[in-house]
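To keep things clear, I will list the structure first and then write my remarks on it.
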Amino acid sequence: DIQMTQSPSSVSASVGDRVTITCRASQNINTWLAWYQQKPGQAPKLLIYAASTLQSGVPSRFSGSGSGTDFTLTITSLQPEDFATYSCQQANTFPPTFGGGTKVEIK
Amino acid sequence: EVQLVESGGGFVQPGGSLKLSCAASGFTFSRHWMHWVRQVPGKGLVWVSRIPNDGSSASYADSVRGRITISRDDAKNTVYLEMSSLRAEDTAVYYCAREVETGMAIFDSWGQGTLVTVSS
């Protein structure tokens with residue numbers, strides 16, 4: 001199975017900050033990467049797919065980039081509702097696998 | 001509005017069985033592959049199983065193969081996960097998820113999850 005490694009595992013930030021989360025795949029996954037946001041007690045929510053395509057309804061302050069093995073999720077101007085855990089997931093090779101998550105906490 | 005509502009979770013002893021259900025609404029259920037993903041509280045998401053839109057060729061994670069069966073009833077817009085020979089390590093929140101129509105395992109809708117606790 002393809003291993004997905006996220007860093008950092010947690011980050012403390014303030015409202016208005018720019019936050020960048022990285023995700024590394026153990027082998028080439030082209031651009032078949034998705035990012036999900038999950039708040040405590042809630043289901044994951046798809047934010048970005050195909051590495052950089054914003055899901056409908058997701059604010060434009062979220063963006064994704066990368067290809068191959070290295071990917072990033074960037075949140076520009078962090079909002080109060082963005083404090084959550086973010087997970088990456090590869091869809092290039094079966095079975096789909098997820099990163100361990102990055103918790104964005106309030107500084 | 002797309003909705004996925006899981007049910008059937010609960011407390012079960014090791015070796016026991018449980019059947020989870022996921023009722024779908026707000027979309028054409030028969031057009032989508034459906035998946036189950038689980039999450040130990042405080043840990044990452046782990047894919048469990050998938051079933052194609054035609055109900056054929058179900059797939060399973062190695063950790064559950066032989067102990068779990070996924071099925072679907074398009075007349076009831078429901079996907080099921082039958083679990084047997086349950087182990088403590090199966091304890092998790094189980095989510096059903098809808099795969100996007102592009103044929104890649106990207107999940108654009110999720111249920112709220114149902115907690116399965118396996119303990120003596």
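A short reminder: the numbers here are calculations on the coordinates, not readings from a lab. Nothing here was measured: the structure is a model prediction, and the numbers come from that model. Here the Cβ positions follow ideal geometry from the backbone for every residue, glycine too, while neighbour counts run over all protein chains shown.
Mind listing the phi-derived Karplus ³J(HN,Hα) values for region B:4-15, rounded to whole Hz, using 6.51, -1.76 and 1.60 with θ = phi - 60°, and x for any glycine or proline?
Each residue of region B:4-15 in turn: 10, 10, 8, 7, x, x, x, 9, 9, 7, x, x Hz.
Quick one: P(r) of the protein assembly as shown from all Cα-Cα pairs, 10 Å bins, percents rounded to integers, in order of increasing distance.
Percent of pairs per bin, in order: 8, 34, 35, 19, 4, 0.
What are the ³J(HN,Hα) values, in whole Hz, obtained from phi via the Karplus relation 6.51 cos²θ - 1.76 cosθ + 1.60 with θ = phi - 60°, for each residue of region A:48-64 in sequence order, with x given for Gly and Pro?
9, 9, 6, 6, 9, 8, 6, 5, 3, x, 7, x, 6, 6, 8, 8, x
Using the structure shown, select from A:Lys39/A:Lys103; A:Lys39/A:Lys107; A:Lys39/B:Lys43; A:Lys45/A:Lys103; A:Lys103/B:Lys19 the pairs with a Cα to Cα distance greater than 20 angstrom.
On the way: A:Lys39/A:Lys103 10 Å; A:Lys39/A:Lys107 17 Å; A:Lys39/B:Lys43 13 Å; A:Lys45/A:Lys103 15 Å; A:Lys103/B:Lys19 32 Å.
Where the Cα-Cα span goes over 20 Å, the pairs concerned are A:Lys103/B:Lys19.
Going by how many other Cβ atoms sit within 10 Å of their own, how do A:Trp35, B:Trp110 line up, fewest first?
Details: A:Trp35 29, B:Trp110 24.
Sorted ascending by nearby Cβ count, the order is B:Trp110, A:Trp35.
State, to one decimal in nm, how far the label point of B:Ser119 lies from the label point of A:Asp1, with both points 7 Å from Cα in the Cβ direction.
Between B:Ser119 and A:Asp1, the label points sit 2.4 nm apart.
Could you give each residue of region B:33-42 its phi-based ³J(HN,Hα) in whole Hz, using Karplus coefficients 6.51, -1.76, 1.60 with θ = phi - 60°, and x for Gly or Pro?
Going residue by residue, I get 5, 10, 10, 10, 10, 10, 8, 5, x, x Hz, with x marking Gly and Pro.
Students often check this: by mean Cβ neighbours within 10 Å, which of B:52-59, B:92-99, A:45-52 ranks highest, and how do the rest follow? Show your work: numbers first, answer last.
Details: B:52-59: 12.5, B:92-99: 24.4, A:45-52: 20.8.
By packing density, highest mean first, the sequence is B:92-99, A:45-52, B:52-59.
Place a point 7 Å from Cα of B:Met104 in the direction of its Cβ. Which residues in region A:12-43 have their backbone N less than 12 Å from it?
Residues A:29-35 fall inside that zone.
Run the quick spin-label model on B:Ser84 and B:Thr28: label points 7 Å from Cα toward the beta carbon, then report their separation in nm to one decimal.
In this crude spin-label approximation the distance works out to 3.6 nm.
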